[in-house]
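The values are calculated or read from the model by the stated rules, or taken from the named source; none is laboratory data. None of these values were measured; they are calculated from a predicted model. So basically every Cβ, Gly included, is an ideal-geometry build from the backbone, and we count neighbours across all protein chains shown. Just so you know, the surface numbers come from the protein's heavy atoms only, side chains and all, with ligands and any DNA or RNA stripped out. Shrake-Rupley method; radii C 1.70, N 1.55, O 1.52, S 1.80 Å.
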Amino acid sequence: MRYWLMKSEPDEVSFDDALAAPGQTVPWFGVRNYQARNFMRDAMQPGDGVLFYHSSCFDPGVAGIAEVASLPYPDETQFDQHSKYHDPKATREQPRWISVDVRALEKGRYLPLAEMRTIPELEGMVLLQKGSRLSITPVTLAEWNAILKLVRGAPQMGA
DNA sequence: GCCAACGTTGGC
DNA sequence: GCCAACGTTGGC
């Protein structure tokens, strides 16, 4: 079991949108970076923990807890000429970009990026490194636990 | 809107 | 395969 932080622009798909979706599940489309794609393709497993992060908005931060809810599959938007994610070099036979489904699980307290920067346990997070802009980044168990504690506003039992 | 940082493209 | 030019991300 691994843990991930996945960035979404809330104008496009917010955590509330995911909560309201059928099965509380949304396809994670539009990833157009090879490193992020490879994480989905090679390392993600159904059941992995996901921090649903809101980016490019007034107050960026972790908006909720989610999980990976599918194996990787071709991202439909690469084939759609009317999508801003259309990739003319992608074909059905040889897709370039993939999606996974993400299921929203738990909406806790909103955890702003600015607050994350003040938490010593989170100092090493890939997200917080200078120049880091990957839309999908691995999260360590220690970081995951620290964030869950903050999001739930109370110490976590067990584990 | 600015701009630092990073990724991609394409000529050579 | 180098690397300059260009494009994108995303916090501020």
- Roughly how many debye, to the nearest 20, is the charge dipole of chain A about its Cα centre, given +1 on each Lys and Arg Cβ, -1 on each Asp and Glu Cβ, and no other charges? 340 debye
- Accessible area expressed per residue, chain A, with surrounding protein chains retained (probe 1.4 Å, Å²): 54 Å²
- Segments A:44-50, A:143-149 sorted - mean Cβ within 10 Å per residue, highest first: A:143-149, A:44-50
- Note on the structure: The answer for chymotrypsin sites (Phe, Trp or Tyr not before Pro) in segment A:83-119 that fall in a DSSP coil and have at most 15 neighbouring Cβ atoms within 10 Å is A:Y110
- Task: Would you mind calculating the relative contact order of chain A from Cα pairs under 8 angstrom and at least 6 residues apart, reporting the percent as a whole number?
- Result: 29 percent
- Scoring only Lys, Arg, Asp and Glu (+1, +1, -1, -1) among other residues with Cβ under 11 Å from the Cβ of A:V139 yields -1
- Message: Can you list residues from other chains, or at least 5 along the same chain, whose modelled amide H is less than 5 Å from the amide H of A:W28?
- Response: A:V100, A:D101, A:V102
- Scan segment A:38-103 for trypsin sites (Lys or Arg not before Pro) in coil per DSSP, keeping those whose Cβ has at most 15 other Cβ atoms within 10 Å, and list them by number. A:K84, A:K89, A:R92, A:R96
- Task: Kindly write out, for segment A:48-57 in residue order, the coupling ³J(HN,Hα) from the Karplus curve 6.51 cos²θ - 1.76 cosθ + 1.60 (θ = phi - 60°), rounded to whole Hz, with x marking Gly and Pro.
- Result: 4, x, 10, 8, 8, 10, 9, 10, 6, 9
- Task: Return the long-range amide H neighbours of A:S55 (sequence gap of 5 or more, or a different chain), with a cut-off of under 5 Å between placed amide H atoms.
- Result: A:S8, A:E9
- Neighbourhood charge, 13 Å Cβ-Cβ cut-off, centred on A:Y3 and excluding it, Lys, Arg +1 and Asp, Glu -1: -2
- Among the lysines, select those whose C-alpha is under 27 Å from the C-alpha of A:K107, and discard any that sit fewer than 8 residues away in the same chain. A:K7, A:K149
- Query: What shape does segment A:3-151 take by its C-alpha gyration tensor, where a ≥ b ≥ c are the square roots of the eigenvalues and a/c under 1.5 counts as rounded, a/b above b/c as prolate, and the rest as oblate?
  - Reply: prolate
- List every residue whose amide H lies under 5 Å from the amide H of A:V139, counting only residues 5 or more places away in sequence or on a different chain, with H placed 1.01 Å from N in the peptide plane. A:Y3, A:W4, A:L5
- Note on the structure: In whole percent, the fraction of accessible protein surface over chain A that belongs to carbon or sulfur atoms, probe radius 1.4 Å, stands at 53 percent
- Tabulate in residue order the Karplus-calculated ³J(HN,Hα) for segment A:83-94, using 6.51 cos²θ - 1.76 cosθ + 1.60 with θ = phi - 60°, rounded to whole Hz; enter x for Gly and Pro. 8, 6, 9, 4, 10, x, 8, 8, 10, 4, 6, 10
- Query: Residue-wise, which Karplus ³J(HN,Hα) couplings in Hz belong to segment A:118-135, taking 6.51 cos²θ - 1.76 cosθ + 1.60, θ = phi - 60°, and x for glycine or proline?
  - Reply: 8, 8, x, 5, 9, 3, x, 4, 4, 3, 8, 6, 4, x, 6, 9, 4, 7
